[in-house]
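Quick note: the coordinates plus some simple rules give every number you see, no bench work behind them. Predicted model, so just to flag it, every value in this text is computed and none were measured. Cβ placement follows ideal geometry from the backbone for every residue including glycine, while neighbour counts extend to all protein chains displayed.
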Amino acid sequence: MKFISFKTLDEVIECYGRENIVAIDNLRQIIFYTAHGCQPKFVCENEVKPGKLTAWFLKNETNYIYQRWLMNRPDGNSNASEHR
């Protein structure tokens with residue numbers, strides 16, 4: 001598989017379509033996804049929350065991992081991103 005390196009979020013949206021990507025800004029959730037083999041397509045600073053990272057994932061690659069996240073996320077994690 002060829003690795004595509006995007007320079008901007010607009011390039012990601014142009015390639016995959018906005019409806020096919022999901023933004024995750026919860027660091028624990030990002031780590032969980034990557035530890036389970038789901039790699040983000042783009043990572044940048046959150047425009048609304050400066051100093052926070054946002055990782056953009058393909059929705060169809062995260063469906064299974066998202067279900068595992070819901071079952072395994074730390075209790076009391078009120079900052080968990082909504083995936084859908």
| field | Of all residues making up the stretch 17-28, the number that are assigned to a loop (DSSP other than H, G, I, E, B) and surrounded by fewer than 15 Cβ atoms within 10 Å (Cβ to Cβ) | value | 1
| remark: Scanning the stretch 29-63 for residues that are free of Cβ contacts under 8 Å to residues at least 24 places away in the same chain, assigned to a loop (DSSP other than H, G, I, E, B) and more than 17 Å from ILE4 (Cα to Cα) gives ASN46, GLU47, VAL48, PRO50, GLY51
| query | Inside the stretch 29-58, can you point out the residues that are out of contact with any Leu (no Cβ under 8 Å at 6 or more places or on another chain) and surrounded by 15 or more Cβ atoms within 10 Å (Cβ to Cβ)? | reply | GLN29, PHE32, TYR33, CYS38, PRO40, THR54, ALA55, PHE57, LEU58
| Could we say that GLU14 is of a type outside the set (A, V, I, L, M), surrounded by fewer than 17 Cβ atoms within 10 Å (Cβ to Cβ) and assigned to a loop (DSSP other than H, G, I, E, B) here? | no
